[in-house]
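Colleague: One structure is given below, represented as structure tokens, and several questions about it will come after.
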Amino acid sequence: MAAARSLVGWRGVAYKVALDQMLLMPPLTVAFFMGMGMMEAKTMAESYARLETCFVPCVGAAVLFWVPTHIITFSSVPVAWRITWVSTAAVSWTVFMSYMNASEQRRELEEASG
């Protein structure tokens, strides 16, 4: 983490964005879909099946959403406003993730009913 603080300018921005996308986004996406499955009383296998269906589209969308968001965060948003900015973005992202989960849930119900 000290290395991230020592990088300044666009190089530092790129480093922080890459860390977020490579280290945080994949496990948090897995946790979201597995957690939603548990809250919906799905088995681990059912939850994993939903994760398999949704992971790649969500990762693609996450890159398109979070890379520009974090570029703006680390390059333009004053430090005092970063929590507010990122929290607002996170609410928007959670709405998208919930939409993806609900869409897959709807598809599963239609498939099960024939």
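Colleague: So for the chain, taking the charge dipole from beta-carbon charges (+1 Lys/Arg, -1 Asp/Glu), which of LEU23, SER113, VAL59 sits furthest toward the positive end?
Modeller: Value computed over the given set: LEU23.
Colleague: Now, a different point. Over the chain, with every protein chain in place, what whole percent of the accessible area is carbon and sulfur at 1.4 Å, could you tell me?
Modeller: Details: 5270 of 7390 Å².
Whole-percent figure for carbon plus sulfur exposure: 71.
Colleague: Continuing with the same structure: Go ahead and run the numbers for FRET between GLU108 and ALA18, Cβ-Cβ distance against an R0 of 25 Å, rounding to 0.05. Don't jump to the answer; show the numbers that get you there.
Modeller: On the way: r = 34 Å, r/R0 = 1.38.
So the FRET efficiency works out to roughly 0.15.
Colleague: Set the Förster radius R0 to 41 Å, insert the Cβ-Cβ distance between GLU40 and VAL77 as r into 1/(1 + (r/R0)^6), and round the FRET efficiency to 0.05. All intermediate terms of the calculation are to be shown ahead of the outcome.
Modeller: Numbers: r = 36 Å, r/R0 = 0.87.
It comes to 0.70.
Colleague: Moving on. Accessible area per residue of the chain at 1.4 Å probe, in Å²?
Modeller: Values: 7390 Å² over 114 residues.
Computed with neighbouring chains in place, this is 65 Å² per residue.
Colleague: Where does the chain land at 222 nm, in deg cm²/dmol rounded to the nearest 500, when only DSSP H runs of n ≥ 4 count, each adding -39500 (n - 2.57), divided by all residues? Walk me through the intermediate numbers first.
Modeller: Values: 5 runs with 95 residues, N = 114.
For the chain, the value works out to -28500 deg cm²/dmol.
Colleague: Right, something else. State the label only: which of (1) 1.07; (2) 1.18; (3) 1.05 corresponds to Rg/Rh (Cα atoms, Kirkwood Rh) computed from the shown model?
Modeller: Matching entry in (1) 1.07; (2) 1.18; (3) 1.05: (1).
Colleague: Can I ask one more? Could you tell me which GluC sites (Glu not before Pro) in segment 1-100 are loop residues by DSSP with no more than 13 other beta carbons within 10 angstrom of their beta carbon? Can you show the working numbers first?
Modeller: Values: sites: GLU40, GLU46, GLU52; in loops: GLU40.
When the GluC sites (Glu not before Pro) of segment 1-100 are filtered for loop state and at most 13 Cβ neighbours within 10 Å, GLU40 remain.
The values are calculated or read from the model by the stated rules, or taken from the named source; none is laboratory data. Keep in mind that this is a model prediction, so the values were computed, not measured. Cβ atoms come from the backbone with ideal geometry, glycine included; neighbour counts cover every protein chain shown. Ligands, DNA and RNA are excluded from the accessible area calculation, which covers all protein heavy atoms including side chains. Shrake-Rupley method; radii C 1.70, N 1.55, O 1.52, S 1.80 Å.
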